[in-house]
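Report on the following structure.
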Amino acid sequence: MNDAQRLHQSHFDTLPALTLRAPGRINLIGDHTDYCGLPVLPMAIAEGIDIAVAENIAPFTRATSTLDGEVFDSRLRIRPRGWARYVAAVLTELADLAPDRGATIAIDGDLPPTGGLSSSSALAVGCVFALAALWEIAATPSQLVDLAVAAGRRAAIAGGAMDQTVIAHATPGAALRIDFDPPHLNHVAVPADFRWVAAYSGTAAPKGGSAADAYNSFVLASRAAARLLGDASPSPQLSRVREASARDQAGLPTMKVAEAAALVDGDDLGLPGDAMLDLRVSAEHVLAEAARVDAAEHAMRQ
């Protein structure tokens, strides 16, 4: 019996119906490319989040975690904090697929929070997949990944789908090349003598506050840059202007958040309207980074 199962039994006085482990991840290369529709090359790691769940006959959900001993109760009309934000967001995304269902959830694991190893996405993916199995929701793994992505965006940042996709689809001994436009997964074998080191910088990476604003600023700048580089679609992405010339990229302006939002769908992602965005920096980084993903995959295969 693992610690999530023990916690579930001790806190809810019953054994869980099922337990699921969602791994963390490191990203070898592909920074800020996923939400732009461009490829990434992450891999799962051994550390992860354990989710133990059981059916609650009453139509509400309670959850607890070894992280802080806090308790989440879906009946309470208070704004959830920390890990509970992700549980609440998952329940919102599943509400129409499993109406009037309830659960008890115990959360444990060895994946450090705010360490940049995708603990929040592992929690969201783990909860989505565990509850979908518990409540017998008819959905494909890709659809469940989409629900976890939507939950992450609801809880924190306007991120892409890299973390959730690799957590759900990784295989041992391989990195995962993920393409988004069009969607495609390709497992890339890791040479047996490779060793990876994930080193902690000493700086927490919370998905909230100023960290969320910094991330969302890059998202909005990338969308606005795609629009100015010629993508006229309702949701512009840099993947559709990948062949933009260096001269066109260098000519991209700096503009206010309100101006950038007006260029796309009007969504300012909660950023201050007068904050400035450097569209050139975002576009040049993302388009060059996509080329580095291709080169890194080729190098690993060699």
Probe 1.4 Å, heavy atoms of protein chains only: per residue, the accessible area of region 261-302 in Å² is 50
Carbon/sulfur accessible area of the chain, % of total, 1.4 Å probe, equals 52
For region 59-141, shape from the Cα gyration tensor axes a ≥ b ≥ c, cut at a/c of 1.5 then a/b versus b/c, turns out oblate
Rounded to the nearest 10 Å², the 1.4 Å probe accessible area of residue 169 is 50
Net charge (Lys, Arg +1; Asp, Glu -1) of residues whose beta-carbon lies under 15 Å from that of residue 135, residue 135 excluded, is -4
Rounded to the nearest 500, the 222 nm mean residue ellipticity computed for the chain from DSSP H runs (n ≥ 4, each -39500 (n - 2.57)) alone is -12000 deg cm²/dmol
accessible surface per residue for region 81-212, probe 1.4 Å, DNA/RNA/ligands not counted, whole Å² -> 46
Of all GluC sites (Glu not before Pro) in region 50-139, the ones in DSSP coil with at most 11 other Cβ atoms within 10 Å are 136
Checking 211, 161, 192 against a Gaussian network model of the chain (alpha-carbon springs below 10 Å), the top fluctuating residue turns out to be 192
The size of the Cβ-based charge dipole (Lys, Arg +1; Asp, Glu -1) of region 65-167 about the Cα centre, to the nearest 20 debye, is 380
Residue by residue through region 267-272, the couplings from Karplus 6.51 cos²θ - 1.76 cosθ + 1.60 with θ = phi - 60°, in Hz, x for Gly and Pro, are 7, 8, 6, x, 8, x
Of the DSSP H helices in the chain, the ones reaching 20 Å or more along their long axis in Cα terms and averaging at least 1.0 in Kyte-Doolittle hydropathy are 119-134
Within the set 235, 222, 282, GNM on the chain using Cα springs under 10 Å gives the largest fluctuation to 235
About its Cα centre, region 1-101 carries a charge dipole, from +1 on Lys and Arg Cβ atoms and -1 on Asp and Glu Cβ atoms, whose size in debye to the nearest 20 is 220
Between (i) 18; (ii) 25; (iii) 14, the structure-derived percent of Cα pairs over 37 Å apart is (i)
Expressed in square angstrom to the nearest 10, the accessible area of residue 215 with a 1.4 Å probe stands at 60
When the charge dipole of the chain is computed with +1 on Lys and Arg Cβ and -1 on Asp and Glu Cβ about the Cα centre, the Cα farthest towards its positive end, among 233, 107, 46, belongs to 107
Treating only Lys and Arg (+1) and Asp and Glu (-1) as charged, each at its beta carbon, one finds that the chain has a dipole about its Cα centre, in Debye to the nearest 20, of 140
Once Lys and Arg are counted +1 and Asp and Glu -1 for all other residues with Cβ under 11 Å from that of residue 45, the total becomes -1
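The values are calculated or read from the model by the stated rules, or taken from the named source; none is laboratory data. This is a predicted model, so every value here is computed, not measured. Every residue, glycine among them, receives a Cβ derived from its backbone with ideal geometry; neighbour counts consider all protein chains shown. Quick note on the areas: whole protein, heavy atoms, side chains included, nothing else; ligands and nucleic acids left out. Shrake-Rupley method; radii C 1.70, N 1.55, O 1.52, S 1.80 Å.
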